[in-house]
Amino acid sequence: MTQSEFDRIVAEVLDKIREYAARVVDLEGVDSLPSDSYIELSEGKKIKASDFLALARAYDLLTTNSTAEPTDSNVYSALRTDRDFMKKVEALAQFLRKDTDDTDPNKATFGDIDVVKGATRYDGGLSGGNVNAGGNVSAADTMTAGKKLVLGDDGLASEANERKLAETIGSVDSMVNGRGTFLTNKDRLQTSNLEVRGSLTVMDLIINQLHAMEGDYYFSDVASIERVVVLDENTHSYRLWLKKESETSVITIWEGDILWSVANNLRSRKPTDQGYFVHPSWMLCNAIDQEHFFIDVTLYNDQAIGIIVGTTNFAPTAGFNLVRRGNAAALLDDSKAERARVWHISNTEGRLEFLDYLFSPVVDDENYQTTVGRLPDIEVLNDWFHYRNLGDPHEHVGVYTRFLFAENFVHIDWMGRVVKQQNYRGEWSLETAQSPSDYYKVDKTRQRVDDEYIETAYLVDTVTWMGAMWGCNRTGTTQEPTWYSADWVMMGGNNNWDIDLHKTQSPVPNMRQTNFQMEIYFRIMFNGWDVTEKVMGQDYHTVTWTRETGDAAKDNTWNTVGVNQCYQDQAHTRLLLVQNPSQNRYDFGDQFKVRRLARFTVAVLIPMGTGENKTVSKTFNFV
């Protein structure tokens, strides 16, 4: 072998090693190599330069113009010989770096040599076809083994440690700051982009940190168009050959299904490009062929859906996905009712919704069964929002559904305060209060659920009584709803208090009369109801009468002493006013005939159930 041929082989081997991200250390020349020269691969694995060159010199190539005789120690130069040589060198490099998994993880095979790890140290030589060594193995010339070559544990990296099998130059192992691509012996592949032209099957999908999806998602029967054949241009009929995901794939689409497809042209990356488009396609499935895996469809008429959908109905295209959006036959066939329903998450419409009774591509008000997110523009919601000057429904976020069942409801206002839920029971009745269906209240009751305490919402029985709305404050109460009852709370009504003053049939005194008397009394009114006895029956209520005649000193005396002579009942609701000098009674004042002024005011302090007090008053004026 000439020096140039040998140099070429060495250069090819070094290039192959460099492809595996190795680096050559202390290897400057081929003719004169220091005894400690070595080739260092990644992860600290080395091979002595002399061993490497011995392997290269194992082949004595006979070139075209060579005059040497062929023997068992040389071969003719040929591409196949070069390939065989490179395979052996590649196998050696792969074993040293462990770039590929072996059939036996404890054994690496290249050429006729098996290298097995895990052997104990043995000081000896080649015997019985076995080479056993606890350290490095080197040979000045060809090294062969009839059976296997066993090295100690130090010669191989432990399989328990994760090692890179293949990597691009400059790759960095990091999910956040990594770059490049690599594969490890622990079946871990890390890369920046992964493109799959066929199907991708994943047993366990972990999405790190954030995942966003574009477009609309349907929980329905789906298919992918592989090829389109026009059956009849006049009737817009097509045969759609569907893509088989596996040998056992079946067509889940039925006859009568309403199919919908929408996609963009992935061949263009800019919306301004002439080839860029996004278009929908509505079609009706007419026939299915499971054996040959195709369906026959007919496009819906543009006039039937164009105005409502807002675009032209396009022909189906290969590469599109189909989704069932209803079933036209379900209108007359109840057995296909399930085909006319679909769950839908819409990014464009901004809501999750369940649609039912889909017998055509047009979605009417009755099709919306449940909507979460931006509300649909349907008549019942339009009327409600427009009546309250709140704009269109789609401008608001909410929940719309036909039926809603829940164990507990928590109603809060915009400040986060819980709003009581009222259960109206009509007018209050003592008979109802004493019955098994008594009045009740749930007031943020703590309940234990799964070892945790939760609070239920306010739920209050409400009744009307005495012109007001009352909320039950204690379950099972038999008390009458009143302002002083702690078992009831006023939740609505006028809450009007007043005092009516009355006099007996005695005429109003005139200037000529010297002796006369008059009885006056009052009644307490609440929303037009006479509640005098209820107020007088309360503890801590007070009734105060005062007189005003223009003589402050004598008025004060009457207010504290003289009024006591006028009381006609223990509740002090009635006064007998007497004007008689012979009895020394001047309840209307000494100068009544002159001044013609006498005012009597009653003030009643009423204790409220909330702990506050309310005062109502009225004046009887004799002028």
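For the reader, a short list of remarks on this structure follows.
- Only residues that are farther than 23 Å from Glu291 by Cα and free of Cβ contacts under 8 Å to residues at least 24 places away in the same chain were counted in the range 201-250, giving 13.
- In the range 412-449, residue modelled with the highest pLDDT [restricted to those that are charged (D, E, K, R) and out of contact with any Ser or Thr (no Cβ under 8 Å at 6 or more places or on another chain)]: Glu431
- Annotation for the range 516-533: at least one member residue is farther than 29 Å from Gly609 by Cα and in contact with a His (Cβ under 8 Å, 6 or more places away or on another chain).
- Unique residue being free of Cβ contacts under 8 Å to residues at least 40 places away in the same chain and either touching a Cys at 6+ places or on another chain (Cβ under 9 Å) or under 30 Å from Leu597 (Cβ atoms) (or both) when the list is Met518, Met490, Met525: Met525
- Pairs, first in contact (Cβ under 8 Å) with a residue 12 or more places away in the chain and among the hydroxyl-bearing types (Ser, Thr, Tyr) in the range 342-356, second open to solvent by 10 Å² or more (accessible area, probe 1.4 Å) and in a loop (DSSP other than H, G, I, E, B), C-beta under 8 Å, six or more apart: Thr348/Gly215
- Across the range 516-524, not a single residue is classified as of a type outside the set (Val, Ile, Thr), modelled with pLDDT under 90 and not in a strand (DSSP E or B).
- Of all residues in the range 333-384 being more than 24 Å from Leu284 (Cβ to Cβ) and small (Gly, Ala, Ser), the one that is modelled with the lowest pLDDT: Gly350
- Being β-branched (Val, Ile, Thr), open to solvent by 30 Å² or more (accessible area, probe 1.4 Å), under 30 Å from Ile251 (Cβ atoms) and under 27 Å from the mean Cα position of the chain (by Cα) is a property that Thr348 has.
- Hits in the range 400-413 - residues which are exposed (fewer than 12 other Cβ atoms within 10 Å of the Cβ) and β-branched (Val, Ile, Thr): Ile412
- Whichever residue in the range 468-480 is open to solvent by less than 50 Å² (accessible area, probe 1.4 Å) and not aliphatic (A, V, I, L, M) and, among such residues, is nearest to Glu533 (Cα to Cα): Glu480
- Pick from the range 463-498, criterion among the β-branched types (Val, Ile, Thr) and in a loop (DSSP other than H, G, I, E, B), ranking: farthest from Asp438 (Cα to Cα): Thr482
- Taken over the range 481-509, the criterion of being surrounded by fewer than 18 Cβ atoms within 10 Å (Cβ to Cβ) and of a type in the set (D, E, K, R) is satisfied by Asp498, Asp500, Lys503.
- Scanning the range 230-249 for residues that are open to solvent by 50 Å² or more (accessible area, probe 1.4 Å) and either part of a strand (DSSP E or B) or closer than 17 Å to Trp282 by Cα (or both) returns Val230, Leu231, Asp232, Glu233, Asn234, Thr235, His236, Arg239, Trp241.
- Among (1) loosely packed, with under 13 Cβ neighbours inside 10 Å; (2) over 19 Å from Ser220 (Cα atoms); (3) modelled with pLDDT of 90 or more - the single one Thr252 does not satisfy: (2)
- From the options Glu480, Glu452, residue that is on the phi < 0 side of the Ramachandran plot and modelled with pLDDT under 90: Glu452
- Filter result for Phe385 (free of Cβ contacts under 8 Å to residues at least 24 places away in the same chain, among the aromatic types (Phe, Trp, Tyr) and open to solvent by less than 50 Å² (accessible area, probe 1.4 Å)): yes
- Residue check for Val578: over 60 Å from the mean Cα position of the chain (by Cα) and either of a type in the set (D, E, K, R) or farther than 30 Å from Ala468 by Cα (or both): yes
- Selection within the range 363-382: residues that are hydrophobic (A, V, I, L, M, F, W, C) and open to solvent by 30 Å² or more (accessible area, probe 1.4 Å). The member of this set that is nearest to Gly350 (Cα to Cα) is Val372.
- Cβ-Cβ distances below 6 Å connect no pair with a first residue in the range 458-475 that is touching a residue at least 60 places away in the same chain (Cβ under 8 Å), a second residue that is in a loop (DSSP other than H, G, I, E, B) and charged (D, E, K, R), and a separation of six or more residues or different chains.
The values are calculated or read from the model by the stated rules, or taken from the named source; none is laboratory data. Bear in mind that the values here come from a model prediction, so they are computed numbers and not experimental data. Cβ: placed from backbone, ideal geometry, glycine included. Neighbour counts: every protein chain shown. In case anyone asks, the SASA skips ligands and DNA or RNA and just uses the protein heavy atoms, side chains included. Shrake-Rupley method; radii C 1.70, N 1.55, O 1.52, S 1.80 Å.
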